[in-house]
Amino acid sequence: NIAIHAINACLIWLLLRRWLPALAPSLERSDLAALFAALLFAVHPAATEAVTYASGRSISLSATFVLAALLADDASRAQPSRRGLAWRGPALFALALAVRETAIVMPAIPLLFAWTTGRSLRAEAWRLRRYAIVAMVIALAMALTPGYHTFFGVSLDTRSFVAQAMGQLLAHGYLLTHSLLGLCNIDPDLRVPSGWSPTLTVCALLLAMLLAIMFVARRRQPWLAFAIGWYFLQLAPANSLLPRLDLANDRHLYLAVAGPALAIACVFARAYARPSMRALACAGAIALVETLAIMTWQRNADYRNEVALWQATVRDSPRKARAWLNLGYAHR
């Protein structure tokens, strides 16, 4: 799992080295920004559930194929004359879907890149037609698999559309104010709201503000628009329309973290470009990486055995019955 995570950090570094000249053309040290973003992704404590917890491996392994597919797709776009490159991305996309179906958003990333950099969306969509073929084949295979009928039936019966919308507002608010800040919990005590509340209003305003920033920043700071779009796209399969038992989990933030990491890295890189701010930017970047690394080290201590993990969970979710039940099983 650690090797997979290290590969993913390297793939993010390689991708951002290719993308940042177009996303942030005025950025003098885009190479440093790419490296810093990859480091933030590598040491962020929200990745613990996908890396340290064996059951989370599908998240990180699927991310490997998604990132490799994006890298292959960018290489084929840069060299359209090499037809051999054209199917490498779709093949890796198929592998990502074979590991985890949430990888379905992968083709939307090049479209987001085209939108933020001012390229033709129609031309980009036509270039991505091979990914559409792969997605249709996978969709047909799912339609012919009885297990998926049961899965979607149970999911759609879990809660109504209105309840799902309110629950996901709460879930996104939690991910932004807890998991993204490194306050991790394997079983957060999030319950579907029974009605509208001031908390949901704050969550809705927070999401609306981020989406507004994405559209406003598209022309002058395309890197910021891309970072926000990446974050929401990666969370869309697990945290949008399709209901599931848990409203939010840290592991679903795994690949989404790369978006905020990119935004933070670009802010630090812009500060680094100013001679008067260079020392402060370097000190701040080192302090941030060290802080996240220490938080990750502390979080991994909770995973040293089952009892420790569920003791940490009941500490953070004292009113959740499942956490106490799992702690009881661990003790037994």
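Odds and ends about this structure:
- Cβ pairs under 7 Å, 6+ apart, first in segment 57-73 and closer than 16 Å to residue 6 by Cβ and without any contact (Cβ under 8 Å) to a residue 40 or more places away in the chain, second open to solvent by 10 Å² or more (accessible area, probe 1.4 Å) and of a type outside the set (Ser, Thr, Tyr): 65/92; 65/95; 65/99
- Segment 228-239 - residue that is assigned to a helix (DSSP H, G or I) and in contact (Cβ under 8 Å) with a residue 40 or more places away in the chain and, of those, most open to solvent (accessible area, probe 1.4 Å): 233
- Residue in segment 148-165 that is among the aromatic types (Phe, Trp, Tyr), open to solvent by less than 40 Å² (accessible area, probe 1.4 Å) and either in a helix (DSSP H, G or I) or at negative phi (or both) present: no
- Yes/no for residue 330 being surrounded by fewer than 18 Cβ atoms within 10 Å (Cβ to Cβ), in a helix (DSSP H, G or I), in contact (Cβ under 8 Å) with a residue 24 or more places away in the chain and touching a helix residue (DSSP H, G or I) at 6+ places or on another chain (Cβ under 8 Å): yes
- Single unsatisfied condition, residue 120 versus (1) in contact (Cβ under 8 Å) with a residue 12 or more places away in the chain; (2) among the small types (Gly, Ala, Ser); (3) more than 30 Å from residue 271 (Cβ to Cβ): (1)
- Every pair of residues 6+ apart whose Cβ atoms lie under 9 Å, when the first sits in segment 212-227 and is surrounded by 22 or more Cβ atoms within 10 Å (Cβ to Cβ) while the second is assigned to a loop (DSSP other than H, G, I, E, B) and among the basic types (Lys, Arg): 224/218; 225/218; 225/219; 226/218
- Matching entry among 279, 301, 287, 321 (being more than 21 Å from the chain's Cα centre (by Cα), under 30 Å from residue 150 (Cβ atoms), of a type outside the set (S, T, N, Q) and exposed (fewer than 13 other Cβ atoms within 10 Å of the Cβ)): 321
- Some residue of segment 290-298 being farther than 30 Å from residue 229 by Cα, open to solvent by less than 50 Å² (accessible area, probe 1.4 Å) and either assigned to a loop (DSSP other than H, G, I, E, B) or touching a Ser or Thr at 6+ places or on another chain (Cβ under 7 Å) (or both): no
- Screening segment 240-276 for residues that are in contact with a Ser or Thr (Cβ under 6 Å, 6 or more places away or on another chain) and crowded, with 20+ Cβ neighbours inside 10 Å and picking the one that is nearest to residue 28 (Cα to Cα) gives 253.
- Flag for residue 312 being of a type in the set (Gly, Ala, Ser), more than 30 Å from residue 29 (Cβ to Cβ) and either open to solvent by 30 Å² or more (accessible area, probe 1.4 Å) or over 27 Å from the mean Cα position of the chain (by Cα) (or both): no
- Scope segment 155-172; condition of a type outside the set (A, V, I, L, M) and more than 15 Å from the chain's Cα centre (by Cα); matching residues: 155, 157, 158, 159, 160, 161, 164, 167, 168
- Test result for residue 247, within 25 Å of residue 58 (Cβ to Cβ) and among the aliphatic types (A, V, I, L, M): yes
The values are calculated or read from the model by the stated rules, or taken from the named source; none is laboratory data. Just so you know, these numbers come straight off a predicted model, no measurement behind them. No Cβ is skipped: glycine too gets one built from the backbone with ideal geometry, and neighbour counts run over all protein chains shown. Please note that ligands, DNA and RNA were not included when accessible areas were found on the heavy atoms of the full protein model with its side chains. Shrake-Rupley method; radii C 1.70, N 1.55, O 1.52, S 1.80 Å.
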